[in-house]
Amino acid sequence: MIFKKFWSAFRAQLNKIANLFWEADPIAQMRYEYDLAVEQLKEGRTGLEMYRGLVERVTRQVSDGRRHVEKLQAQAKAYLKAGDRETAAKFALELQRAKRDLAQNEEQLKLHESAYENNLKKIKHANGRLIELRSRIEKYDAELRMSEAEAEIAAIAESFDFDITTDFGQLEHLIQSKIDQNRGRARVAADLSERGLAEIEAEERMEASLAEEALTELEIELGMRSPETTPGSESVKTLGPETEKQSE
C-alpha cells in the first residue's frame with residue numbers, strides 16, 4: 001500500500017515535470033511530434049515498398065501460370081489431334097493442377113492488390129495530414145511569435161507612458177526644475193545688467209566730450225589748429241562785435 005502511494009506520488013511528480021517541458025515550448029513539441037510522424041510514415045512507406053515487391057512477385061507468378069496453362073492446353077490439344085490419348089491425358093492432368101495453382105495465385109494477387117491499395121491510400125492520407133500539420137505548425141509558430149512581439153511592444157509602450165510617479169518621471173521633473181532655475185538666473189542677470197545703463201552711457205558720452213576737448217587743446221598747443229578755428233573762438237568772435245554794438 002505504501003509502495004503504491006509512493007509510486008503514484010513519483011508518477012505525479014514526473015507528470016508535473018513533463019507538463020513543464022510540454023508547456024515551455026509547445027511549437028518545439030509540435031515539431032517533435034511531427035518529426036515522429038514523419039519517421040513513422042517513412043517506415044510505413046518502406047514497408048509498403050516491400051509489400052509491393054511481394055505483389056509484383058505474385059503478379060509474375062500469375063503471368064507465368066497463365067502462360068503455362070496456355071502451353072499445357074496447346075500440348076494436350078495437339079496430342080489429342082495426333083490420337084495419343086495417353087500422353088494427352090498426362091498433359092490434361094498437369095493442366096488441371098496448373099489451373100488450380102493459377103486460380104490460387106490469382107486469388108492471392110487480388111487480395112494483395114486490394115491490401116496494397118488500401119495501405120497506399122492510408123499513407124497518402126497520412127502524408128496529406130503531415131503536410132497540413134506542417135502548415136499549421138508554421139502558422140502557429142508565426143502567430144505565437146507575432147503575439148509575443150505584440151506583448152513586448154505593448155509592455156514597452158506602457159513603460160514609455162511615464163508620469164510623475166515613475167522614476168523616469170521624477171527625474172524628468174527634476175531636470176525641468178533645474179532648467180527653470182537656470183533660466184531664472186539668466187533672466188535675473190539680464191535684468192540686472194540693464195540697471196544703470198543710462199548712467200553708464202551718459203558717463204561714456206561725457207568722457208568722449210572731455211577727450212575731444214583735451215585733443216583740441218593739444219592741437220592748439222602744437223600749432224596744428226588756431227584758436228579762431230575752434231568752435232569756442234568763433235563763438236567768442238561772434239559775440240564780441242555784438243557786444244560792442246550794444247555798448248555803442
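The values are calculated or read from the model by the stated rules, or taken from the named source; none is laboratory data. Note that the coordinates shown come from a computational prediction; the quantities given were computed from them, not determined experimentally. No Cβ is skipped: glycine too gets one built from the backbone with ideal geometry, and neighbour counts run over all protein chains shown.
Tabulated data
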| read-out | value |
| --- | --- |
| Of residues in region 104-141 being hydrophobic (A, V, I, L, M, F, W, C) and exposed (fewer than 13 other Cβ atoms within 10 Å of the Cβ), the one nearest to residue 48 (Cα to Cα) | 111 |
| Test: residue 87 is over 18 Å from residue 130 (Cβ atoms), at pLDDT below 90 and not charged (D, E, K, R) | yes |
| Contacts under 8 angstrom Cβ, first residue in region 34-61 being farther than 12 Å from residue 127 by Cβ, partner exposed (fewer than 15 other Cβ atoms within 10 Å of the Cβ) and at pLDDT 85 or above, 6 or more apart | 51/115; 55/113 |
| Count of residues meeting criterion [of a type in the set (Lys, Arg), surrounded by fewer than 15 Cβ atoms within 10 Å (Cβ to Cβ) and closer than 20 Å to residue 59 by Cα] in region 84-103 | 2 |
| Check on residue 127, in a helix (DSSP H, G or I), touching a residue at least 12 places away in the same chain (Cβ under 8 Å), out of contact with any helix residue (DSSP H, G or I) (no Cβ under 6 Å at 6 or more places or on another chain) and not aliphatic (A, V, I, L, M) | yes |
